[in-house]
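Visitor: The following block contains the structure, expressed as C-alpha cells.
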Amino acid sequence: MGAKEASKNERAGPKSSSKSKPLKNNQRRTKRLRKSSLSKAQRNFAVFNKDGAHINKYENLELDNIESEGDDGSERTQESSEAPTTEATPESEEPQKEQAQDNALDDNQDYISLSMSSEEEQESEEEAPDEAGGEHPGGDAAQPRTLNTDYPWILNHDHSKQREIADWLTLEIKDFVAYISPSQEEIRVRNSTISKIRNAVKDLWPDADLHVFGSFATDLYLPGSDIDCVINSSSGDKENRNCLYSLASFLKRRKLATQVEVISKARVPIIKFVEPISQIHIDISFERVNGLEAARVIRGWLKETPGLRELVLIVKQFLAARRLNMVHTGGLGGFSIICLVYAFLQLHPRVISSDIDSMENLGILLIDFFELYGKNFGYDHVAISVTDSGARYLSKELYGSLQNPRTSFALAIQDPGDKDNNISRGSFNIRDIKKAFAGAFDLLTNRCFELDAATFKDRVGKSILGNVIKYRGKQRDFKDERNLVVNKAIAENETYHRKRGRIVHEEVFTDVSDGEKEDDIYTVEEPAKKKPKKAKKAKKAKKETKASSSSVDTLMGLDTQDDADEDGYDPSNEAPSTLALEDARSDIRKKSVDAQTKRDYWLSKGQAL
Ligand SMILES: Nc1ncnc2c1ncn2[C@@H]1O[C@H](COP(=O)(O)OP(=O)(O)OP(=O)(O)O)[C@@H](O)[C@H]1O
Ligand SMILES: [Mg+2]
C-alpha cells in the first residue's frame, strides 16, 4: 500500500467502517475520559474494561541495551556527510524494525518499542530503589526486574487516591517534569561549561563570541540534552572548513573537547564534541543568528502558553525512549517537538476558548496530543505554521516550499524564522513516529480505564504515565531549582536581544561575554590557508499555488460528511500574504475558534457516539 493510500485510510478517522470493534470501544472510553475531566464528576468506566486490550505491551519486554556510539573514550575527528533529509529507504528503516522485533513487538506493529532514553542513561548502571514498594504497571508480581526503575517519578508521590483518573495523570506529568528538571548543580555545571568554551573561543578568535541557543536557552532540556552554540564574529568568516578544524583542535588541546567530530559539508556545518568534565554534548555552528532568534521566540511561547514546557518535556522523553528523537535517523528533533506541541495548544478548541485550564488538564491534553498526531492529523495535506504570535494550519498545496518532493505523507512545520524552511523535513520516519503516538494514545487510555476500574488498594504504587514513558538513569531529586540559579544561556540570550534591539541578519555579531578569562597558556594553532568564503545561497523564490477548495476537515484529516463545516470558513481560501499579517491572523484565529466551537471538530468528534 502506498504512503498516500495508507494515509487516506488512517485519516478516515473513527467513523471509518473498517475500524474494529475493540477500537470503537477504545474510542468510547476516551470520550468518557474527556467528559470525566471536564465535569469533574466521578465516572465508572469498568463496563468498558472487559476486553483485555489494556494490557501493557511493554511490561514483559526486557530492556534493550544501547550500543554506545563512539563512547570508547577515544578522541576522533571525522568528516561526516550531510544528514539525510529525504524519506527513509527500506534499508534506513531496517534498524528500527529490528529493534522492534528484538523487543518482541512483532505481533504488535502499532507500537514503537521503548529503549534507553538519554546519553546519561547509557552510562548509568544504577537502579533506583523501590522506595514506593509499588508494582510494575499491570501488577505482575513475577516480573524479574527491580520494581519502579522505569518510572521513578512516582517514588513517594502517590496519586492513586485521585477520584478522577485524568487528574492522576496530570499530577504524574507534573511529578515527571519536577523529577527531570535541573537542580542548582546541573545549571551551574552547564553555565561553567559554556563559560569555559566561550573564553577559549575568544582566546582563539578575539573578534568572535559564542552564544547558546536550543534547549539550554529555553529551559526545555532533559538531563542528557546537548547544548547548541553558535559562534558569530565581527568578520563573519568563521564558517569554513579551516576554521572548524582549527577550533576543534584548539579545544582538544585545551582539554575542553573529547570525541570531536567536524561536520563541515553539511547544510549547517558544525563541530560536535563532549566536554570532558561535565560529559555534556556540545554542538557548535557558525555565523548565524536564526537559533538565537528562535530561542527568544520559544521563550515567549513558554511565557504565554501554560502547559507547553510540561508537554514538550514529556513528548521529548517519549520519543527519546524510542530513539525517535534523532533527526539523522528520521526522528523528530527538539525544535520540531516544541513547534508541534505549541501548535497543538494554540489550536486546541478547549484551550483557546478557556474551557479548560491547561495546567489542570495536562493528562487529557497529553492524550489529545497523541490522538491528534497519532490518529487524526492529515499529514498529506496540512502544514503547521508557528510564529512569534500564534499557530495555524496551512494547506500544503499553497506552500510548495514546505512540501516533501518525494512523498505527501510527511510532517511539514514552517520555520518561524524562515517561511520557506520546513524544520521537520529531515524527519523522514514520520510513519513510526505517528505509530508511536497512536500506540501511546491507546496505551494511556486503556491504562486510565483499567485503573479507574481498580480498587483504591490495587492502585497503590501504580503509574499511568509509566505505561508510555520510562526514565532510567541516576536517581534524581524532585528538585526544579531553576529559580535558584541564573541560567546564563537565557540571561545572555536576553542581553543579546536587548543589545541588538532587533535581529539584522546581515550583521550577526553581538558580544555578550562577561569578560571571564582563563589564565592557562596555550598555543594557538596556525590557521590553515583561508579559502574564499562561499557566497550565501539566495533564497529560493517560492510561488504559492492557487488556493484550493480544501475544507478545515480536509486539512485536519477529518474529511467526513458528518463533519461538514457549518459556517463555511475555509482557511485555504485566505491568500497566504493576508494570512501573514498580524491583524488577519488574529481574525483568522477568531474565525477558527468559532468554527471549532460550533463543530467542536476533532476533540469532540467522538462524543457523538
Ligand atoms: N530544521 C531546523 N531548521 C532551522 N533551525 C533548526 C532546525 N533544527 C534545529 N534548529 C535550530 O536549532 C535549535 C536547537 O534544535 P534542537 O532540535 O537541538 O532542539 P532543542 O530544543 O535544543 O532540543 P534538544 O534538547 O533535544 O537538543 C532550535 O531551537 C532551532 O533554532
Ligand atoms: Mg539541542
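Visitor: Determine the alpha carbon to alpha carbon distance for each of Lys265/Lys396; Lys303/Lys419; Lys174/Lys375; Lys196/Lys272; Lys202/Lys488 and list only those over 27 Å. Write down the numbers at each step before the final one.
Guide: Details: Lys265/Lys396 30 Å; Lys303/Lys419 23 Å; Lys174/Lys375 25 Å; Lys196/Lys272 16 Å; Lys202/Lys488 17 Å.
From Lys265/Lys396; Lys303/Lys419; Lys174/Lys375; Lys196/Lys272; Lys202/Lys488, over 27 Å: Lys265/Lys396.
Visitor: Oh, and also: Can you tell which of Ala412, Leu347, Ile364 lies farthest toward the positive end of the dipole of region 271-419, using +1 and -1 charges on the Cβ of basic and acidic side chains (Lys, Arg; Asp, Glu)?
Guide: Ala412
Visitor: How high is the relative contact order of region 184-453, in percent, with contacts defined as C-alpha pairs under 8 Å that are six or more residues apart?
Guide: Numbers: 411 pairs, mean separation 38.0, N = 270.
About 14 percent, as a whole number.
Visitor: If you don't mind, another one. Per residue, how much accessible area does region 252-295 have with a 1.4 Å probe, in Å²?
Guide: Numbers: 1580 Å² over 44 residues.
With all protein chains present, region 252-295 gives 36 Å² per residue.
Visitor: Roll a 1.4 angstrom probe over the protein heavy atoms and tell me the percent of accessible area of region 184-453 that is carbon or sulfur. Don't jump to the answer; show the numbers that get you there.
Guide: Details: 3520 of 7030 Å².
On region 184-453, the fraction of accessible area on carbon and sulfur atoms equals 50 percent.
Visitor: Ranked from the most accessible area to the least, with a 1.4 Å probe and all protein chains present, what is the order of Lys161, Lys303, Lys272?
Guide: Final ranking, largest accessible area leading: Lys303, Lys161, Lys272.
Visitor: So, one more: Dipole of region 184-453, Cα-centred, from +1 at each Lys and Arg C-beta and -1 at each Asp and Glu C-beta, to the nearest 20 debye? Let's see the in-between values first.
Guide: Numbers: 33 positive and 32 negative charges, 200 e Å.
Using Cβ point charges on Lys, Arg, Asp and Glu, region 184-453 gives about 960 debye.
Visitor: Rounded to the nearest 10 Å², what accessible area does Asp237 show when all protein chains are kept and the probe is 1.4 Å?
Guide: For Asp237, the solvent-accessible surface is approximately 30 Å².
Visitor: Right, another one. Suppose we take every Cα in region 180-253 and form the convex hull; what volume per residue is that in Å³? Could you put the intermediate results ahead of the total?
Guide: On the way: hull volume 7.1 nm³, N = 74.
Dividing the Cα hull volume of region 180-253 by its residues yields 96 Å³.
Visitor: Heads up, I need the accessible area for Glu371: 1.4 angstrom probe, whole protein in place, Å², nearest 10.
Guide: 20
Visitor: About the Cα centre of region 246-373, what is the dipole size in debye to 20, counting +1 per Lys and Arg Cβ and -1 per Asp and Glu Cβ, all else neutral? Mind dumping the intermediate values first?
Guide: Numbers: 16 positive and 12 negative charges, 189 e Å.
Result for region 246-373 is approximately 900 debye, rounded to the nearest 20.
Visitor: Over region 337-376, give the accessible area per residue in Å² for a 1.4 Å probe, as an integer. All intermediate terms of the calculation are to be shown ahead of the outcome.
Guide: Details: 770 Å² over 40 residues.
Computed with neighbouring chains in place, this is 19 Å² per residue.
Visitor: Going from most exposed to least, what order do Thr170, Thr455 have by accessible area with a 1.4 Å probe? Before the final figure, lay out the partial values.
Guide: Values: Thr170 5, Thr455 75 Å².
Result of the area sort, largest leading: Thr455, Thr170.
Visitor: Please arrange Glu261, Glu275 by accessible surface area, largest first, computed with a 1.4 Å probe and ligands excluded.
Guide: On the way: Glu261 30, Glu275 0 Å².
From most exposed to least exposed: Glu261, Glu275.
Visitor: In region 184-453, how does Rg compare with the Kirkwood Rh, expressed as the Rg/Rh ratio over alpha carbon atoms? Kindly include the intermediate steps, with their values, before the conclusion.
Guide: On the way: Rg = 19.8 Å, Rh = 19.9 Å.
That ratio equals 1.00.
Visitor: Spin-label point model (7 Å from Cα, Cβ direction): what's the Gln279 to Ala491 distance in nm?
Guide: 2.7
Visitor: Please compute the modelled spin-label separation between Asp418 and Arg188, points set 7 Å along Cα→Cβ, answer in nm with one decimal.
Guide: A separation of 4.0 nm, rounded to one decimal place.
Visitor: Now, a different point. What FRET efficiency comes out for the pair Arg498/Arg406, r = Cβ-Cβ distance, R0 = 35 Å, nearest 0.05?
Guide: Working: r = 43 Å, r/R0 = 1.23.
That gives a FRET efficiency of 0.20.
The values are calculated or read from the model by the stated rules, or taken from the named source; none is laboratory data. If you're wondering where the values come from, they're calculated on a predicted model, not measured in any experiment. As a convention, Cβ positions derive from the backbone with ideal geometry for all residues, glycine included, and neighbour counts pool all protein chains shown. Side chains included, ligands, DNA and RNA excluded: accessible areas come from the protein's heavy atoms. Shrake-Rupley method; radii C 1.70, N 1.55, O 1.52, S 1.80 Å.
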